[in-house]
1. Quick one: which residue in S33, S7 is over 15 Å from A200 (Cα atoms), among the hydroxyl-bearing types (S, T, Y) and open to solvent by less than 50 Å² (accessible area, probe 1.4 Å)?
2. Collect the residues in segment 123-143 that are touching a Phe, Trp or Tyr at 6+ places or on another chain (Cβ under 6 Å) and among the aliphatic types (A, V, I, L, M), keeping them in residue-number order.
3. Looking only at segment 78-105, which residues are open to solvent by 10 Å² or more (accessible area, probe 1.4 Å) and either part of a loop (DSSP other than H, G, I, E, B) or touching an Asp or Glu at 6+ places or on another chain (Cβ under 6 Å) (or both)?
4. Does segment 159-169 include one or more residues that are open to solvent by 70 Å² or more (accessible area, probe 1.4 Å) and within 19 Å of F85 (Cβ to Cβ)?
5. Given the options N185, N229, name the one that is touching a strand residue (DSSP E or B) at 6+ places or on another chain (Cβ under 7 Å) and not aliphatic (A, V, I, L, M).
6. Of the numbered conditions (1) on the phi < 0 side of the Ramachandran plot; (2) modelled with pLDDT under 95, N238 fails exactly one; give the number of that condition.
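The values are calculated or read from the model by the stated rules, or taken from the named source; none is laboratory data. From a predicted model like this one, the values you see are computed outputs, not experimental measurements. Please note: Cβ atoms are built from the backbone with ideal geometry, for glycine as well, and neighbour counts cover all protein chains shown. When the accessible area is computed, the model is the full protein with side chains, heavy atoms only, and any ligands, DNA or RNA have been set aside. Shrake-Rupley method; radii C 1.70, N 1.55, O 1.52, S 1.80 Å.
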Amino acid sequence: MPGGGFSEYVVVNDFEVLKEEGLATPEQGCWDSFEIQNAVPADIQPEEAVIACTWREIVGAFKDFRLEPGKKVMVFGAGPVGLSFVKLGKLFGLGQVDIVDMLPAKLELAKKMGADNGYTPAEIATPEFIAAANRSYDTIIDAVGLPSIVASALPLIKMAGDICVYGVMTKNPTIDLDQAPYNFNLYIHRWPTRSEEKRAIIALTQWIREGRLSASEFISHRFQIDQINEALAAVKRNEVIKTVLTF
C-alpha cells in the first residue's frame, strides 16, 4: 500500500494503454502518477514493494541532480530520504558519501547503510572542517528542505558543483554568494520526474533480487491497521524510520 492512503484496495490505471489510445491527458482524467502504477514482479515481496515507493522517487531524482558514479557527495538529514540517498547512492556507484544529522543514532544507522563519514551540523560548520574539505564535494543533497542547509553547503562545494534540494522547502532561500564558489548549480526537486521514477524500478528490482537492497534495513516499526494511533504516536516521537501497517 502506498503511504498516505491507508487503503486496503486502490484503483490501478494502465498508463501505457491510455497513452496508446490518446487518453493520457488531464482532460481525460489522467494524472501524472498514473505513469508509475506498474505491476510488481511476483517475486518481489509486499514490504519491498511498499518501500520502493520511496526508493523509486529518490533514484528518479539522480538524473535531475546530475549524480554519476564516483562523485563525492554529502547528504544532509538521516531520515528515510537521506538514508535512502546513502544506500541507493552506494549501490548506484557514488564515490564518497558523507551524512550530516543531529542525532548520533541516525548517523550510526547511515554508516551501516554505507555512509563513509557521519557529522553533526556543528562539526561541518567549523573553520577547521571547511578548510579540510577544501571545496571538494561534487554534490550536496538537502534531504530536509531548509534554507540553512543550503547556506551550510555553499563553502563546501567545488567550482561548478551542485547543491540539490530534495526536501520540500517552505521558504525562499537567501544565498550568500560570498560563501559560494564563483560558479555553482542549485537544483530544486519539488515533484518527482515521473518517467525517471518509473525507470528506477528496473534497478531497484535487480538490487532486491541480488540481496543488496532490503526493506528490513528501513522498517523500524510494524503495526496492525487497528493500531494506527500507536503508529502515529511513534512517528510524532521521532522514533520511526519507516513503518508498515498490515491489514
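1. On the way: S33 fails: over 15 Å from A200 (Cα atoms).
Sole residue among the options that is over 15 Å from A200 (Cα atoms), among the hydroxyl-bearing types (S, T, Y) and open to solvent by less than 50 Å² (accessible area, probe 1.4 Å): S7.
2. I141, A143
3. Filtering segment 78-105 down to residues open to solvent by 10 Å² or more (accessible area, probe 1.4 Å) leaves 79-81, 87, 90-96, 101-105.
The answer is G79, G93, L94, G95, Q96, D101, M102, L103.
4. Our first condition is that a residue be open to solvent by 70 Å² or more (accessible area, probe 1.4 Å); within segment 159-169, this holds for 159, 168.
So of that shortlist, the ones also within 19 Å of F85 (Cβ to Cβ) come out as 168.
Yes, some residue in segment 159-169 is open to solvent by 70 Å² or more (accessible area, probe 1.4 Å) and within 19 Å of F85 (Cβ to Cβ).
5. N185
6. All conditions are met except number (1).
Residue by residue, here is whether (1) under 17 Å from W207 (Cβ atoms); (2) more than 18 Å from the chain's Cα centre (by Cα); (3) open to solvent by less than 40 Å² (accessible area, probe 1.4 Å); (4) at pLDDT 90 or above holds:
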site	(1), (2), (3), (4)
G3	no, no, no, no
V17	no, yes, no, yes
E20	no, yes, no, yes
E27	no, yes, no, yes
A42	no, yes, no, yes
E48	yes, no, yes, yes
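Rundown of residues vs (1) in a strand (DSSP E or B); (2) touching a helix residue (DSSP H, G or I) at 6+ places or on another chain (Cβ under 9 Å); (3) open to solvent by 30 Å² or more (accessible area, probe 1.4 Å); (4) not aliphatic (A, V, I, L, M), yes/no style:
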site: V144; (1), (2), (3), (4): no, yes, yes, no
site: S148; (1), (2), (3), (4): no, yes, yes, yes
site: A151; (1), (2), (3), (4): no, yes, yes, no
site: N172; (1), (2), (3), (4): no, yes, yes, yes
site: P181; (1), (2), (3), (4): no, no, no, yes
